[in-house]
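Chemist: The structure follows.
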Amino acid sequence: AKLTLQAGYEVNYETGQGPRILNQEQNQLDLAGFMSLEYRPHRKLSLKPGIRYGYNSSFEAIPIPSFHARFQPIKSLTLRASYARGFRAPSLKELFFEFVDVNHNIYGNPDLLAESSHNAQVGASLDKALSKKVRFTAEANGFYNYIDNQIRLTLVNVTEDSLVYRNENISYFRSLGTRVQSGLQWKGLQVQAGWSYTGVENGLQNIPDDQNRLAFFHEGRLNLGYDLRRYRTSFQLFFKYTGRQPFLYSSFDENLQTSVVQEGYIDGFANMDASITQRFLKNRVTVTFLARNLMN
């Protein structure tokens, strides 16, 4: 059929009780209805508009439209484009939960606002068999995000024992970038490589708009795998490099006499993991040896 209609609803009721919840008990209700229409004017082209509208017991929801397009000029090549609006109410954990243990020191924030957003993407993917034993894949896409009142986990204090975090809204968050990745499969060998270049901007209330700028960083990834099927043994190597990127923290502003969210940076770092997997008893038992964080 050229025309397909899908409609549905979602109900989510969340409740929390206990000494680590503000006032010992909190709850939140989400109701939503959605509808999407897929139209295929040609077997190679698909157009899919959609709409979603909901109710939240604590925050005012907004209509969420979306539009997706897919075009496949040849069997191995697919082109896609999409735009979607977004809305997200804070969860009970983000609002009211205190999560403090040996490894965590995270506090909820009952003053959080709901997020709303815009997202757009374009991309192309290729999946082609070069021969009976060789398969090649490649993908490239670009994206843009804009989020009002984004909820972020923000560093608020550093103690001898731990880092203390709290959920905070920032005025807006913006990101744009591109990602490319490719893969090759030949017999038991699998190779995947990817690279991305992303710019992020944190709109902070205490900084003039003309001083908020996109900060760009690189990210590279390489996965190598080899499968000795005869011996039921697999080898995997994973490497990832992340460039210098911003993070948020909170500190006391002497002029404003209040705590404000500020922006710092994490230096670039690399991570590499390796593993060997051996299967026994006709694959009923699997043993894996791991080497983690080889780049320290």
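The values are calculated or read from the model by the stated rules, or taken from the named source; none is laboratory data. Keep in mind that this is a model prediction, so the values were computed, not measured. Cβ atoms come from the backbone with ideal geometry, glycine included; neighbour counts cover every protein chain shown. Protein only, heavy atoms only, side chains kept; ligands, DNA and RNA dropped before computing areas. Shrake-Rupley method; radii C 1.70, N 1.55, O 1.52, S 1.80 Å.
Chemist: Specify the residue with the greatest mean-square fluctuation among THR178, THR277, THR154, computed from a Gaussian network of the chain linking alpha-carbon atoms under 10 Å apart.
Modeler: Greatest mean-square fluctuation among the candidates belongs to THR277.
Chemist: Grab the Cα-Cα distance for PHE71 and LYS133, subtract it from 0.36 nm times how many residues apart they are, and report the gain in nm with one decimal.
Modeler: 19.6 nm
Chemist: For region 219-296, run through the GluC sites (Glu not before Pro) and keep only the ones in DSSP coil with at most 12 other Cβ atoms within 10 Å of their Cβ.
Modeler: Of the GluC sites (Glu not before Pro), the ones in loops of region 219-296 whose Cβ has at most 12 other Cβ atoms within 10 Å are GLU254.
Chemist: What's the Cα-based Rg to Rh of region 110-195, Rh via Kirkwood? Please list the in-between numbers first.
Modeler: Details: Rg = 20.8 Å, Rh = 16.7 Å.
Over the Cα atoms of region 110-195, Rg/Rh equals 1.24.
Chemist: In addition: Please calculate how many Å² of accessible area the chain carries per residue, with a 1.4 Å probe and no DNA, RNA or ligand atoms counted. It would help to have the intermediate numbers written out before the result.
Modeler: Details: 19040 Å² over 296 residues.
Here the per-residue accessible area is 64 Å².
Chemist: Return the carbon/sulfur percentage of the accessible area of region 1-128, one whole number, probe 1.4 Å, all protein chains in place.
Modeler: Working: 4730 of 8300 Å².
Here carbon and sulfur together make up 57 percent of the probe-accessible area.
Chemist: May I pose another question? Of the residues ILE21, ILE147, ILE170, which exhibits the maximal mean-square fluctuation in a Gaussian network model of the chain defined by a 10 Å Cα contact cut-off?
Modeler: Per the Cα network of the chain with a 10 Å cutoff, ILE21 tops the list.
Chemist: In a GNM of the chain with a 10 Å cut-off on Cα contacts, which of GLN192, GLN205, GLN17 has the highest mean-square fluctuation?
Modeler: GLN17
Chemist: Using θ = phi - 60° and the Karplus relation 6.51 cos²θ - 1.76 cosθ + 1.60, list the HN-Hα couplings for region 66-82 in order, rounded to whole Hz, with x at every Gly or Pro.
Modeler: 8, 8, 10, 10, 9, 9, 10, x, 9, 4, 8, 10, 10, 10, 9, 8, 8
Chemist: I need the fraction of alpha carbon pairs in region 70-136 separated by more than 14 Å, rounded to a whole percent.
Modeler: The answer is 74 percent, as a whole percent.
Chemist: In whole Hz, with x marking every Gly and Pro, tabulate ³J(HN,Hα) for region 38-53 from phi via Karplus 6.51 cos²θ - 1.76 cosθ + 1.60, θ = phi - 60°.
Modeler: Rounded to whole hertz, the list is 10, 10, 10, x, 8, 4, 8, 10, 9, 10, 9, x, x, 8, 9, 9.
Chemist: Under the √(5λ) rule applied to the eigenvalues of the Cα gyration tensor, what semi-axes describe the equivalent ellipsoid of region 110-154? Give them in Å, descending.
Modeler: Computed over region 110-154, the values are 41, 12, 6 Å.
Chemist: Here's another thing I want to ask about it. In nm, to one decimal, how far is the LEU37 label point from the HIS118 one, both placed 7 Å along Cα→Cβ?
Modeler: Modelled inter-label distance: 2.4 nm.
Chemist: Looking at the chain, identify the longest residue range that excludes and avoids all trypsin sites (Lys or Arg not before Pro) in DSSP loops having at most 15 other Cβ atoms within 10 Å.
Modeler: Longest gap between qualifying sites, sites excluded: 76-131.
Chemist: Moving to a separate point now. Ratio of the chain's C-alpha Rg to 2.2 N^0.38 Å, to two decimals?
Modeler: Ratio of Cα Rg to 2.2 N^0.38 Å: 1.24.
Chemist: What does the convex hull of the Cα atoms of region 1-98 come to per residue, in Å³, rounded to a whole number?
Modeler: 123
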